[in-house]
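The structure appears right after this line, and notes come after that.
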Amino acid sequence: MGLSVHLRKKVKGFNLDVAWEINNELTVLFGYSGAGKSMTLQMIAGLLIPDDGFVRIGSTTMFDSSKRINVPSQQRHLGYVFQDLALFPHMTALDNILYGSNNMGKSERRERAGEMIGAFHIKGLEEKYPAELSGGQKQRVAFARALMRKPYALLLDEPFSALDNPLRIEMRQFLRGIKKRVDAPIVFVTHDVAEAYAVADTMIVYSNGTILQTGTPKHVFENPWSVEVAVLVNATESPQIAY
Amino acid sequence: MLESSVLFSLRLSFQVAAVATFFIIVIGVTVAYFLAQRNFRGKELLDMLFTLPLVLPPTVTGYYLIILFGRNGLIGKPIYAWTGWSIMFTWHAAVLASFVVALPLMIKTTRAAIESVDKDLINASYTLGHSEFETTVRVILPLAKRGIMAGAVLSFARALGEFGATLMLAGNIPGKTDTMPLAIYSLAGSGEWSQANGMVILLTFMSGLFLLFANKFSKGTI
Amino acid sequence: MRIILVALLLTIALPFLATELAVAADQQEIIVSAAISLKNAFEEIGKLFEGKHKQVKVSFNFGASGDLVRQIEGGAPVDVFASAAQKDMDEAEKKGLILPDSRVNFAGNSIVLIIPADSKIRIQTFQDLGLNQMGKIAVGNPKTVPAGRYAEEVFVHFKLLTAIKEKLVYAEHVRQVLDYVARGEVDAGVVYSTDAMARTKDIKIVATAPEDSHRPVIYPAAVVSKTGKQGMAKAFVTLLASEEAGKVLKQYGFKAPGKNTRQRL
C-alpha cells in the first residue's frame, strides 16, 4: 500500500510545506502544537484542500493540484479518529460502529460489526450511549467505527490526549495490537515523545509547517540533525508552547 | 363568553398559525441550513433580507406585501389575470402575513442550532463515507433538534399574535379573517371590552405557555 | 467605523431637534378630533382659524368617528370633536364627554357607490351589486365607521344585505374604503361623495344613494368637556357653523346640514 504526500498550504500567516512517503507502517507525526500535524491529516482525509501538491494512497491519487484531481472525503475510504473521538452522542455505541459500514451489504455489515466488537472488547456496551461510556471504552468504539470498512489508511489525530496517563500507556499496547490487524499505513499525530518512541516505526519531526527530520525513533533520538530536533525529542514533558 | 364569533376567531387563529408554522419550518430549516453550512457571495446580505421582517414595523412589512400580492401587485396582478383570484381579504393572506413576520425567528434559532453542532462530528461523518445530505439528515438535524423545536414554538406564538401586516392584507372581516388579535382590536374599538376579555386572557395564557416550552426546549430540559 | 456611529446618533437625535424647533414660545394649541372624511376641508378651515387667531395652532387627529370617541373616553387631550354621524356624538354626549350646549350641526353629505376607474364590470345601480360578476365590496366597519352604517342602511333599503353580505370587506375608516377601490383590491365600495371627489383619478362614481335610503348624513361638532381651552374650542366650533367655513365645505362637496338640526336617534 503506502502513502505519499506533498502538501503546501498558506493559512493566515502560517505556511505549511511538507513532503513525505511511508509504507505500511505506523508513522508518527511529532512536534509542538500548531506545527501543522493535524492540518496534514485533514488534507490527507480530504477535509481540507491544499493550495498545491498531491496525496497518493497506494496507487490511487486522492488529490493532485496539477491534474485537478480532488476525490471527495466520502470516497477516499480512510479511517479517521479525531482528537475528541467525535462519537455521535445521539447514537448508541453499536449504531456509531454501524455508521462506519456505509455501502456494505446487510450480512457483511453484521458480521464485520461482530468482529469489531469482539476484537475491541466492546461486548455488552452496544446499547450504551457515548455519555455512558468510560474514556477507554469510547476510544475502542471510535477505533472500531473507523476500521469497519477496512480503510486504505488509518489517520489518528492525538486520539489519546483526553485520557489519564495510566490509560495512555495502556493505549500504546492497544495501538500495537491495531498495527497487527491493519495492513495499511497508520499515521499517528502526537506531541508526546514517550508515546512516539513507544509505537512508531518511523518518526517525522514537524516544526512550524516544515519537516526537520525523518527516521526511526532510535535514529532521531541518537542523531538529531539540528539543535531544534534535539530539544524537541529530549523534552521529558509534552511541549505545549509553540516556538 | 364563548360566543360563536369568539369561537370562530379562536379556530381561525390556530388554523392560520398552524399553516404558517408548517411552511415556516420547511422553508426556515432549509434556509438556515444553507446560511449555516455554505459560503457564497452575498450570504450576509441574504441573511439580512430574511431578518428584516423581525425588526421592521409589521405595517412596513404589510406595505411591501401589498405591493407584491395586492390585486395590482407585482405578483398579485398576474395571479389575478390567470385565475381571477386575489389573496387579499382571505385567510390565506393572514397566513402569508404570519409566515413573513415569524420566519426570521425560525431561521435565527435554527441557524444557531446548526452552527453549534460540533464540526468534528460532521467531518467524521464525511470520512465514514456519508454524503452531505445523509450527514444533514442523520447527524446535523437530530443534534439541532432542540433549537429547531424551540424556533418552531416561538414562530407559532408569533404567528398567533400577528396583527399589523395581517390587518393590512387580510382586513378585519368578521367571520372570515378576524383572527383573535384583530377581533380584540374591533371589540376594543367599539367599546365591547367584556367580550374581548376572554380572548385576551386566552392569548396571554397561551403565549406564556409557549415561551415556557421554547425555553425548555432550548435548555434541553424537555 | 466612527463615522457610522456618528451618523447613527445623528439620525436618532434629529427628530428630537426638529420638534424642539417647531414648538415656538407663547403658542397655544388646540387639538381637533374629526371624522376622516372631513380631512381635506378641515385642514383648510384650520388655516382659516389660525389666520384669525394668530397665537393659536390647530392640530388635527383624523380617524373613524367610533375610534375617536374611544380615544376621548380614554382621556385623550382633545378640545373639539367632529363626527360623521349623530350616533357617535350622541354616545359622547351620553357619556358626558362633550358640552351639550356647544353641539352644533355644520355639514351634510351624500352616499355614493364607486368602482375602480379601470373596472371591467358593468354596473349602474346599487342593485347591480347583487350580480354574480360582482366580487368584493368594501364598506366601513359598521361598528366604528359611520359610512359603514350608512352603507348598511342603503343595502337594507334596496333589500340587498343578505345577498351581498358574503362579499363585504370591512375597512377601518372611510378613506380606506376609497383606497381599496382606487387600488383595485375590491370591485366596488360605498363612500361619501366628498371622498369620491378627493380621488377622481382612480375611481368612478356609479350612483348616488337616494336620500330616503339612509339616515341623513349630518356632521355635528362639539367642545370636549375636559378641554382646558374652552374659549378657543368654542371659537373653533363657531367658525365651523359660520358661512365662511360653509363656503370651504361646499368647495369640497359637503352639503348644508339640513333642516332638522338636532336629530336624536
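The values are calculated or read from the model by the stated rules, or taken from the named source; none is laboratory data. Note that the structure is a prediction, hence the values are computed from the model and not measured. Note that we place each Cβ from the backbone using ideal geometry, even for glycine, and neighbour counts take in every protein chain shown.
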If you scan region C:40-66, which residues turn out to be surrounded by fewer than 23 Cβ atoms within 10 Å (Cβ to Cβ) and either under 20 Å from C:Pro142 (Cα atoms) or out of contact with any helix residue (DSSP H, G or I) (no Cβ under 8 Å at 6 or more places or on another chain) (or both)?
C:Glu43, C:Gly46, C:Lys47, C:Glu50, C:Gly51, C:Lys54, C:Gln55, C:Ser59, C:Phe62, C:Gly63
Over region A:48-86, the set of residues surrounded by fewer than 16 Cβ atoms within 10 Å (Cβ to Cβ), more than 10 Å from chain B (Cβ to nearest Cβ) and touching a helix residue (DSSP H, G or I) at 6+ places or on another chain (Cβ under 9 Å) is A:Ile49
The number of residues in region C:67-87 that are closer than 22 Å to C:Ala241 by Cβ, in contact with a strand residue (DSSP E or B) (Cβ under 8 Å, 6 or more places away or on another chain) and either surrounded by fewer than 17 Cβ atoms within 10 Å (Cβ to Cβ) or away from every other protein chain (no Cβ under 11 Å) (or both) is 10
Could you tell me whether region B:123-135 includes any residue that is more than 9 Å from every other protein chain (Cβ to nearest Cβ), free of Cβ contacts under 8 Å to residues at least 12 places away in the same chain and within 30 Å of A:Leu87 (Cα to Cα)?
yes
Of all the residues that make up region B:81-91, how many are at the interface with chain C (Cβ under 9 Å from one of its Cβ atoms) and either over 24 Å from B:Gly175 (Cα atoms) or within 23 Å of the chain's Cα centre (by Cα) (or both)?
3
Which strands (runs of 3 or more DSSP E) does region C:130-226 wholly contain that include 3 or more residues that are more than 14 Å from chain B (Cβ to nearest Cβ) and not hydroxyl-bearing (Ser, Thr, Tyr)?
C:203-208, C:217-223
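This table checks each residue for (1) modelled with pLDDT of 95 or more; (2) closer than 16 Å to A:Thr202 by Cβ; (3) not in a loop (DSSP other than H, G, I, E, B).
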residue	(1), (2), (3)
A:Glu21	no, yes, yes
A:Asn24	no, yes, no
A:Ile44	yes, yes, yes
A:Gln83	no, no, no
For region B:38-87, enumerate the residues that are within 13 Å of B:Ala165 (Cα to Cα) and either touching a strand residue (DSSP E or B) at 6+ places or on another chain (Cβ under 9 Å) or in contact (Cβ under 8 Å) with a residue 12 or more places away in the chain (or both).
B:Pro53, B:Leu54, B:Pro57, B:Pro58, B:Thr59, B:Thr61, B:Gly62, B:Tyr63, B:Leu65, B:Ile66, B:Phe69, B:Gly70
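I'd like to verify a number: residues in region B:167-189 that are closer than 19 Å to C:Val145 by Cβ, surrounded by 20 or more Cβ atoms within 10 Å (Cβ to Cβ) and not acidic (Asp, Glu), how many?
Residues flagged as closer than 19 Å to C:Val145 by Cβ, surrounded by 20 or more Cβ atoms within 10 Å (Cβ to Cβ) and not acidic (Asp, Glu) within region B:167-189 amount to 12.
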Residues of region A:88-100 being more than 8 Å from every other protein chain (Cβ to nearest Cβ), more than 13 Å from A:Gly114 (Cα to Cα) and either part of a loop (DSSP other than H, G, I, E, B) or β-branched (Val, Ile, Thr) (or both), in sequence order, are A:Met91, A:Thr92
All but one of (1) at pLDDT below 90; (2) more than 14 Å from chain B (Cβ to nearest Cβ) hold for A:Asn103; which doesn't?
(2)
Residues of region A:133-147 being basic (Lys, Arg) and either within 12 Å of chain B (Cβ to nearest Cβ) or crowded, with 24+ Cβ neighbours inside 10 Å (or both), which ones?
A:Arg145
Looking at region B:182-222, which of the residues that are among the hydroxyl-bearing types (Ser, Thr, Tyr) and within 14 Å of chain C (Cβ to nearest Cβ) is farthest from the chain's Cα centre (by Cα)?
B:Ser190
Can you say whether B:Arg138 is within 14 Å of chain A (Cβ to nearest Cβ), touching a helix residue (DSSP H, G or I) at 6+ places or on another chain (Cβ under 9 Å) and either in contact (Cβ under 8 Å) with a residue 24 or more places away in the chain or not polar (S, T, N, Q) (or both), as far as the supplied structure shows?
yes
Please note which helices (runs of 4 or more DSSP H) are completely contained in region A:117-214 and include at least 3 residues that are farther than 26 Å from A:Ser4 by Cα.
A:135-147, A:165-181
Residues of region B:43-77 that turn out to be part of a loop (DSSP other than H, G, I, E, B) and either under 27 Å from B:Val137 (Cβ atoms) or touching a Ser or Thr at 6+ places or on another chain (Cβ under 8 Å) (or both), as a count:
2
Residue check: is C:Ser213 assigned by TED's automatic domain parsing to the domain that holds C:Ser102 and over 18 Å from the mean Cα position of the chain (by Cα)?
no
Is it true that some residue in region C:138-156 is hydrophobic (A, V, I, L, M, F, W, C) and either surrounded by fewer than 18 Cβ atoms within 10 Å (Cβ to Cβ) or in the same structural domain as C:Ser37 (by TED's automatic domain parsing) (or both)?
yes
Looking at this structure, is B:Thr110 in contact (Cβ under 8 Å) with a residue 60 or more places away in the chain, over 30 Å from B:Ser4 (Cβ atoms) and within 14 Å of chain A (Cβ to nearest Cβ)?
no
Only one of C:Glu43, C:Glu50, C:Glu91 that is in a helix (DSSP H, G or I), within 14 Å of chain B (Cβ to nearest Cβ) and among the acidic types (Asp, Glu)
C:Glu91
For region B:141-179, the count of residues that are within 13 Å of chain A (Cβ to nearest Cβ) and among the small types (Gly, Ala, Ser) equals 1
Return yes or no: is B:Ser13 under 26 Å from B:Pro181 (Cα atoms), at pLDDT below 90 and either buried (at least 16 other Cβ atoms within 10 Å of the Cβ) or of a type in the set (Ser, Thr, Tyr) (or both)?
no
Which residues, taken from region C:24-66, are among the aliphatic types (A, V, I, L, M) and without any contact (Cβ under 8 Å) to a residue 40 or more places away in the chain?
C:Ala24, C:Ala25
